[in-house]
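Notes follow the structure.
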Amino acid sequence: MKKLSIIFSVFLCFSIFSKAESPYPVRGLCVGAPSVNNVEEFAEFIETDLSPAGLNLLILRIDYRYQYKSHPELIGNNPYSEADVKKLVKVCKENDIRLIPQINLFGHQSWHSSLGKLLQVYPKFDETPDIKLPPEGEYKWPNPDGLYCKSYCPKHPEVHDVVFDLVDEICDVFEADAYHAGLDEVFYIGHEQCPRCHGHDKAELFAGEVTKIRNHLKQNDRELWIWGDRLIDGKTTGIGLWEGSYNNTHRAIDMIPKDVVICDWHYERPDPTAVLFAAKGLQVLTCPWRNTENALEQEKMTRLFIESATRDMKPKYLGMLQTVWGSAERFMESYKGNVEPERMDKSAECLKELSKVWNN
C-alpha cells in the first residue's frame, strides 16, 4: 500500500508539473460537423489524431443539422440523431476534450443565394425583408451591398423563443457547459427596413443581443463564446470590414458581460488584437485558419502576451483555436496526407505545425 501511495504521489506531481508547463490552457479546433455517414470516422479521427496532437477543445458547427424535437420544422439536411451526437460526446470525454456546439445566431442567416433554415421557415424574423436573394445558381458574389449574410431581427418578439429552444436542446444533447453563438459578420443591424431596430444605436443592439444570449445560457451555468470581429474598430485599426466593424458595433466591447469568451480570428495577417480583448477584461483565444506562417506567428504572440502580462491579465489569454472552413471530410483526409496537393485543406497543415509547438 505504501508503495502504491508513493507511485500515486509521483504521478500526481508529474501531472501537476506537466500542466504547469503548458504554455496556455486551451488548444482547440473549430470545424463543421461532418456528414452523418462519417460520424464513426470522425470519432476515430478525434481519438487517433486530434487527441495525440494535444487538442483539448472541439467546437462543432452543427447549426440546423440535428433532429430537433423542439422545432422539427427547422431540421436541416443530413441531420444528426441523438445517438450520432453521443458517439462524439463519448470519444471527447474519453480523451479529455471539451466539446462545444455552435448554431449561428444573429448574423449568417443566409449564404450567397441560400437562406438559412431559420429565415426559410420564419421569414418574419428577417432584419432586411426587402433584400431578396436571387434564385439558387444565379447568385454572383458579392451582392449589391458587397455582402452575403442576412441577419435576424434581435428585437422581434418571437425570435428568441425559437432560437433558445434550439440552443437548450443542442447543449443538452452535447452535454455542453458552453455554447458558441457565432455572432460574426453581423452587417445588417439597425437597418432602415426593420421597423423595430431602425434608429437604434448599433452597438447597443449588438451588446443587447450578446447579453440576452449570455443571460439565457447563465441560467444553466453555461458560458457564451462568440467570434470577436464585431467588437474591433475596423476603420481605426485598418483591419477592414470583415475582421472588424465599420458600422460602430465595436463600442459594444464595453457593454457586454465580462464572462463572454472571445474567439479572435485573423486570417490574412497575424494582428495582435487579443491584447484589446484581454485589456477589456474578456477571455480570448487566438484563431488562425490556413496560413501556416501566420498561425505560427500568432502562436508566438500568444506566448509573448502571457509571458509579459500582469498577474491579472495572464488568465485572459486562453490559447489557440484552429479554424476549418472547408468540409470536415477533406480536413481529415488532408491531415492524414491522403489527398492530392491541389486538393489539400491548408488548415490541416496549420494544425499539424501548431501541434508541434503548442505543447512545448
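Read the figures in this text as sums done on the coordinates, not as results from a lab. If you're wondering where the values come from, they're calculated on a predicted model, not measured in any experiment. Cβ atoms come from the backbone with ideal geometry, glycine included; neighbour counts cover every protein chain shown.
Want the number for residue 111 to residue 48: 0.36 nm per residue separation, take away the alpha-carbon distance, what's left? Mind showing how you got there, number by number?
On the way: separation 63, 0.36 × 63 = 22.68 nm, distance 3.35 nm.
Result for the pair: 19.3 nm of gain on full extension.
As a test of the definition: which semi-axes, in Å, follow for region 73-212 when you take the square root of five times each eigenvalue of its alpha carbon gyration tensor? Largest first, please.
Details: eigenvalues 174, 69, 36 Å².
So the three semi-axes of region 73-212 are 29, 19, 13 Å.
GNM, the chain, Cα, under 10 Å: largest mean-square fluctuation among 120, 322, 219?
Between 120, 322, 219, it is 219 that shows the largest mean-square fluctuation.
Rounded to whole Hz and in sequence order, give me ³J(HN,Hα) for region 122-129 from the Karplus expression 6.51 cos²θ - 1.76 cosθ + 1.60, θ = phi - 60°, writing x for Gly and Pro.
10, x, 5, 7, 5, 5, 10, x
Taking the chain as the reference, fit the longest principal axis to its C-alpha atoms, fit the long axis of helix 82-94 to the helix C-alpha atoms, and give the angle between the two in degrees, 0 to 90, nearest 10.
Around 40 degrees separate the two axes.
Using only the alpha-carbon atoms, how far is helix 202-218 inclined from the longest principal axis of the chain? Give it as 0 to 90 degrees, nearest 10.
So the helix axis and the longest Cα principal axis differ by about 50 degrees.
Using the Cα centre of region 163-250 as the reference point, and only Cβ charges (+1 on K/R, -1 on D/E), how large is the resulting charge dipole? Debye, rounded to the nearest 20.
The dipole magnitude comes to about 420 debye.
So what's Rg/Rh here for region 31-91, counting alpha carbon atoms and using the Kirkwood radius for Rh?
Details: Rg = 12.4 Å, Rh = 12.3 Å.
Reported Rg/Rh (Cα atoms, Kirkwood Rh): 1.00.
Note down, for region 210-347, the three equivalent ellipsoid semi-axes (square root of 5 times each alpha carbon gyration tensor eigenvalue), biggest first, whole angstrom.
Details: eigenvalues 151, 64, 54 Å².
Over the Cα atoms of region 210-347, the ellipsoid semi-axes are 27, 18, 16 Å.
Would you compute, from DSSP H runs of 4+ residues alone, the mean residue ellipticity of the chain at 222 nm, taking -39500 (n - 2.57) per run and dividing by the full residue count, rounded to the nearest 500?
Working: 11 runs with 126 residues, N = 360.
Calculated from helices alone, the mean residue ellipticity at 222 nm is -10500 deg cm²/dmol.
Which far-off residues, 5 or more places away or on another chain, put their amide H under 5 Å from the one on residue 104, with H placed in the peptide plane?
Answer set, sorted by chain and number: 63.
Looking only at 228, 319, 337, which one moves most when the chain is put into a Gaussian network model with springs between Cα atoms under 10 Å?
337
With springs only between Cα atoms under 10 Å, which of 221, 184, 130 fluctuates most in a Gaussian network model of the chain?
Of 221, 184, 130, the most mobile in the Gaussian network model is 130.
Once fully extended, how much extra length lies between residue 161 and residue 259, figured as 0.36 nm per residue of separation less the alpha-carbon to alpha-carbon distance? Can you show the working numbers first?
Working: separation 98, 0.36 × 98 = 35.28 nm, distance 2.33 nm.
Extra length from residue 161 to residue 259 when fully extended: 32.9 nm.
If I model a spin label at residue 246 and residue 215 as a point 7 Å from the Cα along the Cα→Cβ vector, what separation in nanometres do I get?
For the pair residue 246/residue 215, the computed spacing is 3.3 nm.
With the convex hull built on the Cα atoms of the chain, state its orientation-averaged projected area in nm². Provide the component values of the computation, followed by the final result.
On the way: hull surface 80.8 nm².
For the Cα atoms of the chain, the hull's average projected area reads 20.2 nm².
If the only charges are +1 at each Lys and Arg Cβ and -1 at each Asp and Glu Cβ, what is the size of the charge dipole of the chain around the Cα centre, to the nearest 20 debye?
In total the dipole reaches around 1000 debye.
Just want to confirm a number: the relative contact order over the chain, from Cα pairs under 8 angstrom separated by 6+ residues, in percent. It would help to have the intermediate numbers written out before the result.
Values: 651 pairs, mean separation 59.0, N = 360.
Result for the chain is 16 percent.
At 0.36 nm per residue, and after removing the present C-alpha to C-alpha distance, how many nm does the segment from residue 37 to residue 120 gain when stretched out fully? Don't jump to the answer; show the numbers that get you there.
Working: separation 83, 0.36 × 83 = 29.88 nm, distance 2.57 nm.
That works out to 27.3 nm of additional length.
Roughly what angle does helix 346-357 make with the longest principal axis of the chain, taking Cα atoms, 0 to 90 degrees, to the nearest 10?
Around 30 degrees separate the two axes.
Just name one of 210, 328, 191: the one whose Cα is farthest towards the positive end of the charge dipole of the chain (beta-carbon charges, Lys/Arg +1, Asp/Glu -1).
210
Distance between the C-alpha centers of region 219-277 and region 47-120? Whole Å please.
About 23 Å separates the Cα centre of region 219-277 from the one of region 47-120.
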